[in-house]
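Undergrad: This is the structure I have questions about; it appears just below.
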Amino acid sequence: MEKQSTLAMTILGVLLAIGMSSAAFILGVQAKKAASGQQSITVKGLAVKDVQADNAEWTVTISVNQPTFAEALNKLRAERPALDAFLTKEGLDKSGWTEGSESVTAHMVTVYLPQGGTKTEQQGYDASQALTVTSKDLAKIETANKDVLALQAEGRPVTAGSPLYLVSNLEGIKMSLIAAATENAKKRAEEFVKQDKVKVGVMRSASQGAFYILAPGGNSDTDDYGGTYDKTTIKKQAKVVVTIVYNIEQ
């Protein structure tokens, strides 16, 4: 019995030793893998391109006030031919006109009471209609926006908003800038690691920041993902920022 007990203890000891060696081997492999985890570098790439608006929108509004609803609507319609004639004279083709709906609303004013305080009361009706002109001839839009002062000097109840200068091929511009910004990011990454004698490997992940259309010389926060679209100038700058993570190869 004593010999059998000794033999069993010996076998158990051998098995424990083998188990501990196996565990040490497994842990050693895992540690080696952890120690050799792939390093990476995160960089931002920037691309800027000069672009120019190729179409414009310009809105002119007729606004009148009359004592009654009917008089306000009739006055509005009576003023419309003068605006149409002006736009035609400016060379803005009627196919580019978009008419807004005619609107008639009560004209409310604040009245100050003799004993103090105020009250709101109706004094006639306001009628209005907006007409939006679109054109690829930006020079004609610019000229008409200046000449509308002469129409107002005649006593015509018109107001004009500032022209909006738009870029039609935004998606194409955006894609070309993303490509350029990606190339810029790769060059920056290579410059960063050059002194460490390592190489920039494959792209691990990439994200696009905001897409900006700015007035010339305009500034933007490159961390803002909302983007900006300047519509006040004909000449503009398009800008894209990308953030890319690259693997580092020894």
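The values are calculated or read from the model by the stated rules, or taken from the named source; none is laboratory data. Here the structure is a predicted model, which means the values were calculated and not measured. For neighbour counting, all protein chains shown are included, and Cβ atoms are generated from backbone atoms with ideal geometry for every residue, glycine included. Surface areas here come from the heavy atoms of the whole protein model, side chains and all, with no ligands, DNA or RNA. Shrake-Rupley method; radii C 1.70, N 1.55, O 1.52, S 1.80 Å.
Undergrad: Looking only at the range 120-134, decide whether some residue is of a type outside the set (Lys, Arg), within 22 Å of residue 65 (Cα to Cα), open to solvent by 60 Å² or more (accessible area, probe 1.4 Å) and part of a loop (DSSP other than H, G, I, E, B).
TA: no
Residues are listed down the side, and each one gets a yes or a no for (1) assigned to a strand (DSSP E or B); (2) within 30 Å of residue 232 (Cβ to Cβ); (3) among the aromatic types (Phe, Trp, Tyr):
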residue: 159; (1), (2), (3): yes, yes, no
residue: 162; (1), (2), (3): no, yes, no
residue: 177; (1), (2), (3): no, yes, no
residue: 181; (1), (2), (3): no, yes, no
residue: 184; (1), (2), (3): no, yes, no
residue: 190; (1), (2), (3): no, no, no
residue: 201; (1), (2), (3): yes, no, no
residue: 204; (1), (2), (3): yes, no, no
residue: 209; (1), (2), (3): yes, yes, no
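Undergrad: Moving on to the next point. Here are the criteria: (1) surrounded by fewer than 16 Cβ atoms within 10 Å (Cβ to Cβ); (2) modelled with pLDDT of 95 or more; (3) in contact with a Ser or Thr (Cβ under 9 Å, 6 or more places away or on another chain). Tell me which single one residue 160 does not satisfy.
TA: The single condition residue 160 does not satisfy is (1).
Undergrad: I would also like to ask the following. What number of residues in the range 202-215 are free of Cβ contacts under 8 Å to residues at least 60 places away in the same chain and over 15 Å from residue 243 (Cβ atoms)?
TA: 4
Undergrad: Kindly provide the set of residues from the range 168-204 that are of a type in the set (Val, Ile, Thr) and open to solvent by less than 50 Å² (accessible area, probe 1.4 Å), ordered by number.
TA: Of everything in the range 168-204, those that are of a type in the set (Val, Ile, Thr) and open to solvent by less than 50 Å² (accessible area, probe 1.4 Å) turn out to be 173, 178, 182, 193, 198, 200.
Undergrad: Among the residues of the range 143-155, write down those that are in contact with a strand residue (DSSP E or B) (Cβ under 8 Å, 6 or more places away or on another chain) and either hydrophobic (A, V, I, L, M, F, W, C) or touching a residue at least 60 places away in the same chain (Cβ under 8 Å) (or both).
TA: 144, 145, 148, 151
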